[in-house]
Amino acid sequence: MLFTLESCCIGRVCHVVQNTAVHYACSGGHVEAVQLLLEYKADVAVKNTYDQSPLDHAIDNMNSDVVTVMLKIKRYIPN
């Protein structure tokens, strides 16, 4: 899945589940996309309708590189 800043609103919620671009990037293990979204101040603590954060998606999909990136950012505060 490829996201461009022109085609994707960073904070936009997608579909009924209310996942954001960060949820999808974390789920797919797309480290560079996650880093880009974080540079543009995407909300990393947002939860979808199943009360899952982007970090939850990375952990559930065993994307350890994404988990490492997410845990290094200072504005991430788990609830």
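Every number here is computed from the coordinates shown, using simple stated rules; none is lab data. Because the structure is a prediction, the values reported are computed rather than measured. We place every Cβ from the backbone using ideal geometry, glycine too, and count neighbours over all the protein chains shown.
By the count of other C-beta atoms within 10 Å, a proxy for reagent exposure, I59, I73 are ordered fewest to most as I73, I59.
Per-residue Cβ neighbour counts within 10 Å put S53, S64 in the sequence S64, S53, beginning with the fewest. Near the amide H of N19, within less than 5 Å, lie the amide hydrogens of C14, all on another chain or at least 5 residues away, with H placed in the peptide plane.
Backbone phi angles across the range 38-47, fed through the Karplus curve with coefficients 6.51, -1.76 and 1.60 (θ = phi - 60°), yield HN-Hα couplings of 5, 4, 8, 6, 4, 6, 8, 9, 5, 10 Hz in residue order; Gly and Pro are listed as x.
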